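What follows is a set of notes on a single structure, which appears directly below.
Bear in mind these aren't lab numbers, they're just calculated from the coordinates by the rules spelled out. Computed from a predicted structure; not experimentally measured. FYI the Cβ positions are ideal-geometry reconstructions off the backbone, even for glycines, and counts take in every protein chain you see.
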Amino acid sequence: MGAPQSGPRRLVASLLALVAAIGVVSATQSANPAYACACGAFAPSNDPNGTVTLSDETAMVMIKDGQETIDMRLAVDSVTTQTGLIVPTPSPATVTLGSTTAFAALATEMTPQTVKRDRWWSWPPGAFGAPGSSAGAPAPQPSAPVVLSQVQLGPLEATTLSANDAAGLTAWLDANGYGLPQAVTDRLSHYVERNWSFVAIKLTGDTPLSGDLAPISFTFSADQFVYPEFLSQAATTSQRLALYIFADHRQQVTFLDGGGANANTDWARQVKSSALTPFGAYLTAVSMNFYSPSNQITDDLSITRAANDDEVGTQIVVDQYMTILGIPAGWLLVAFGLVVVLLVALMALVPGRRDRRDN
């Protein structure tokens, strides 16, 4: 256990624990500042060399009837700078406090059933050394963004912005205490050109907080369901992302530009928990690993309906290899049966030969 955090540091840690992001970042970041995360971009105020150390980042995504809701929750090991968060959304978001009970229910919902399977014809793993598993015109004057709404969530202030100029947006963020590095501001135009909106979140209180707070919920309309991932291209460390997607059917995740995201479907099934059914009828859990974000992340993520509603991850199959002296019992039984048939055939032929000799 380390020394207790000072008031400002404990307050910032509580902010980041409250501001949950749409995925899972499992790698601890310490040596270099990691300004981007799966949810958007951290904005260290007045300290461009500040460090944010993350231990867990989780998000639930609910999509239905042209509306998307993202409940974000983040765990932070340590914070060495005042920090805010910038989250882009396809349309202006309504920001509220989310519920912690749904996150707690996920673990129970995603408990697979163990199924034993007898293997009569397969060699055990490792047999015979086999593997066990497989320059232009001058730029126009920057235009400041429009503040669409502002909500106070305890010690947090969430401001929803509309921007048509990346330089003006950057100037506003800088003037209001969001010190984004160049690597992130260079990518804000990606969203401005697509007419996306932004949510800027920062601390306004100065009283130390403790304990787990509810996640933040972002709700917005969407013609195409997405996950804002592009700012994570500026990350200096690997990013591990997990999405828990609630919809009417099984979903799949790719990049908006058509590229594959190497997404692995860890779970897919109709929702059974009464605590989770209000979020959607079908749960798809998807995980991705971006070991080189600048090369692997090419766009934001697109969430679309999968080709089928087949279940995934709902069973753990335990193979029981039926062997005799290390040999699959099925083959031994076949060999024994062939020997028996051969002996019977030979016995049937012997009397016939004797009869011919007697004649």
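Lys64: which lysines have alpha carbons under 23 Å from its alpha carbon, excluding same-chain residues fewer than 8 sequence positions away?
Output for Lys64: Lys272.
Listed highest first by mean packing, meaning other Cβ atoms within 10 Å per residue, what order do 268-280, 311-323 come in?
Numbers: 268-280: 16.2, 311-323: 13.2.
Listed from highest to lowest mean packing, they are 268-280, 311-323.
By the gyration tensor of its Cα atoms, with a ≥ b ≥ c the square roots of the eigenvalues, what is the shape of the stretch 214-316: rounded for a/c under 1.5, prolate for a/b over b/c, or oblate? Please list the in-between numbers first.
Numbers: a/c = 1.76, a/b = 1.53, b/c = 1.15.
Prolate.
Rank by packing, highest mean first: peptides 177-189, 99-111, with packing defined as the count of other Cβ atoms within 10 Å averaged across residues.
Values: 177-189: 18.5, 99-111: 14.3.
Ranking the peptides 177-189, 99-111 by packing returns 177-189, 99-111.
What order, most packed first, do the peptides 252-262, 328-338 have when packing is the mean number of other Cβ atoms within 10 Å of each residue? Please report the intermediate quantities before stating the final value.
Working: 252-262: 15.5, 328-338: 13.4.
Answer by packing, highest mean first, reads 252-262, 328-338.
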